[in-house]
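To start, the structure under review is shown below, and the notes come after it.
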Amino acid sequence: MKKITNGSSNRFKNVLFLIFATVFSNAVFAINGEKYAMNLPKGVTEFSNTVYGLHMIVLWICIIIGVLVFGAMFYSIFAHRKSKGVKAAQFTHSTTAEIIWTVIPILILVVIAFPATEALIKMEAPSDADGNRVEMEMTVKVTGYQWKWKYDYLGEDVSFMSSLSEKSNEARQLNSNIDPESVENYLLDVDKPLVIPVNTNIRILLTSNDVIHSWWVPSFGWKRDAIPGYVNEAWTNVPEVGIYRGQCAELCGKDHGFMPVVVEVKSKADYAIWLTEQKELAAKAKDKDNIEWTKEDLMSQGKKVYNSSCATCHQASGKGLPPAFPALDGNELVNAAMEEQIKTVVFGREGTAMSAFGSMLSDSDIAAAITYTRNSWSNTVKDTVQPADIKKVKE
Ligand SMILES: [Cu+2]
């Protein structure tokens, strides 16, 4: 008895296995539904549906081409095989064939160009049924920071930072004993989402404070780079209230994977209430910058600010990650007079990852974070840094 009858029967088994594996894995994907969906998600906006339609047209064209080309190939291999005594033709050049295989792809590209151009025009500006340009109703400026987003509601005096939620951030730390599986929306949640009203034309301006980021919410059907020194424009109009999630889509440094985007779409009435609340909060935050704080308040607020704004680099333990990120625990500068430390935090260090927090955090938050670093771990300076001290350095 021969162990292996011949190579081709083995190859046949391999092919069978591959087909089985593909069918099986597709079935698993299908059962798991959305979580492992094979196709692009449809999204919620009119524009995302346009993109989806375009994708389906192109996909079907590809499938038809695939079936025709492979069909012709397999048929020829099978019907004209050597064992049937077929002799190969010996020509090396055919002008007719070359014209055909040039003209057909050109025609296909022209056919695809029509819906593609339509989608691109729609992406640049929304238009009504008559094709007239529709006005934007509000503008949000999105600024990328390593590694969070800042949202400015232009003309509303409302602006805030949006960073990875505290729970995800704790669970992702090296040696954290929190199981990521137990964190809801792990790495896809933020402390403060971008809030926008439903059924509203919203202009979104994108820029960056440091490196190139990319703001991406798949359900809206587009992503746009946020580039330092440059303002990109996009727009959206979301027809359904809900929470939409996305991520930074440009490799932007060590914590690129930890700057999710969350957009909460509210009804117009709820949005108006939210906006009023934010304005009150902003006014209160200004008040906070004008008072003298107790040490307890500075320390508790400082811990929060430190963990959300500084710990990614200097670590919650204050030990940093030398040589890239210096330790603040036992740091000479942190244990000296406060002015130089305040300057470092407010103005940053040019050309390093230490950014200028003066424009990102309120004076009271900076004062609290600095007080916290001066009185934590082995640092025992014992003084407090007040918002007024920050103001003095800024002037
Ligand atoms: Cu980024």
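For the stretch 65-74, in order, what is each residue's ³J(HN,Hα) by Karplus, 6.51 cos²θ - 1.76 cosθ + 1.60 with θ = phi - 60°, in whole Hz (x at glycine and Pro)?
Once rounded to whole Hz, the list reads 4, x, 5, 5, 5, 5, x, 4, 5, 5.
At most 13 other Cβ atoms within 10 Å plus a DSSP loop assignment makes a site exposed; report the longest stretch of the chain without any exposed chymotrypsin sites (Phe, Trp or Tyr not before Pro). It would help to have the intermediate numbers written out before the result.
Numbers: sites that count: F91, Y230.
It works out to 231-395.
For a test of the definition: using alpha carbon positions, the gyration tensor, and the 1.5 limit on a/c, classify the stretch 235-353 as rounded, prolate or oblate. Mind dumping the intermediate values first?
Numbers: a/c = 2.79, a/b = 1.46, b/c = 1.92.
Oblate shape, in that a/c is at least 1.5 and b/c is the bigger or equal ratio.
According to a simple spin-label model (label point 7 Å from Cα along Cα-to-Cβ), what is the distance in nm between M38 and L174?
Going from the L174 label point to the M38 one covers 4.1 nm.
May I ask you to list the GluC sites (Glu not before Pro) in the stretch 221-266 that are in a DSSP loop and have at most 13 other Cβ atoms within 10 Å of their Cβ?
Working: sites: E233, E240, E250, E264; in loops: E240, E250.
The qualifying sites are E240.
Over the Cα atoms of the stretch 138-286, what is the Rg over Rh ratio if Rh follows Kirkwood? Spell out each step's value before the answer.
Numbers: Rg = 15.4 Å, Rh = 15.9 Å.
Across the stretch 138-286, the Cα-based Rg/Rh ratio is 0.97.
Give the whole-number value, in cubic angstrom per residue, of the convex hull volume spanned by the C-alpha atoms of the chain. Spell out each step's value before the answer.
On the way: hull volume 102.3 nm³, N = 395.
Residue-normalised Cα hull volume stands at 259 Å³.
On a full-extension model of 0.36 nm per residue, what is the gain between L333 and K122, subtracting their alpha-carbon distance, rounded to one decimal in nm? Walk me through the intermediate numbers first.
Working: separation 211, 0.36 × 211 = 75.96 nm, distance 5.40 nm.
70.6 nm is the gain from fully extending L333 to K122.
What is the distance, in nm, between label points placed 7 Å from the Cα along the Cα-to-Cβ direction at K284 and at D152?
Roughly 2.5 nm, to one decimal.
Is there a quick way to get the dipole size of the chain? I mean about its Cα centre, with the Cβ of Lys and Arg at +1 and of Asp and Glu at -1; what is the value in debye to the nearest 20? Can you show the working numbers first?
Numbers: 40 positive and 44 negative charges, 529 e Å.
For this selection, approximately 2540 debye.
Can you give the % of DSSP beta bridges in the stretch 138-286 that are antiparallel, to the nearest 5?
Details: 30 of 42 bridges.
For the stretch 138-286, the DSSP antiparallel bridge percentage is about 70.
So for the stretch 98-210: antiparallel DSSP bridges make up what percent, rounded to the nearest 5?
Working: 13 of 20 bridges.
The antiparallel proportion sits near 65 percent.
Over the chain, what is the percentage of antiparallel beta bridges among all DSSP beta bridges, to the nearest 5? Show your work: numbers first, answer last.
Numbers: 32 of 44 bridges.
Just about 75 percent of them are antiparallel.
Taking H as built 1.01 Å from N, whose amide H comes closer than 5 Å to the amide H of R224, not counting residues under 5 places away?
W215
Set Lys and Arg Cβ to +1 and Asp and Glu Cβ to -1, take the dipole of the stretch 138-286 about its Cα centre, and tell me which of I227, Q278, Q173 lies farthest positive.
I227
Give the lysines reachable from K343 as a straight Cα distance under 19 Å; neighbours fewer than 8 places away on the same chain don't count.
Cross-link targets: K391, K392, K394.
Roughly what percent of Cα-Cα pairs across the stretch 198-284 reach past 16 Å?
On the way: 2299 of 3741 pairs.
The calculated P(r) of the stretch 198-284 puts 61 percent of pairs beyond 16 Å.
Over the stretch 289-394, what portion of Cα pair distances is larger than 15 Å, expressed as a whole percent?
Numbers: 3229 of 5565 pairs.
Distances greater than 15 Å cover 58 percent of the Cα pairs.
The numbers here are math on the coordinates, done by the rules we state, and not lab data. Keep in mind that what you see is a predicted model, and the values were worked out from it rather than measured. No Cβ is skipped: glycine too gets one built from the backbone with ideal geometry, and neighbour counts run over all protein chains shown.
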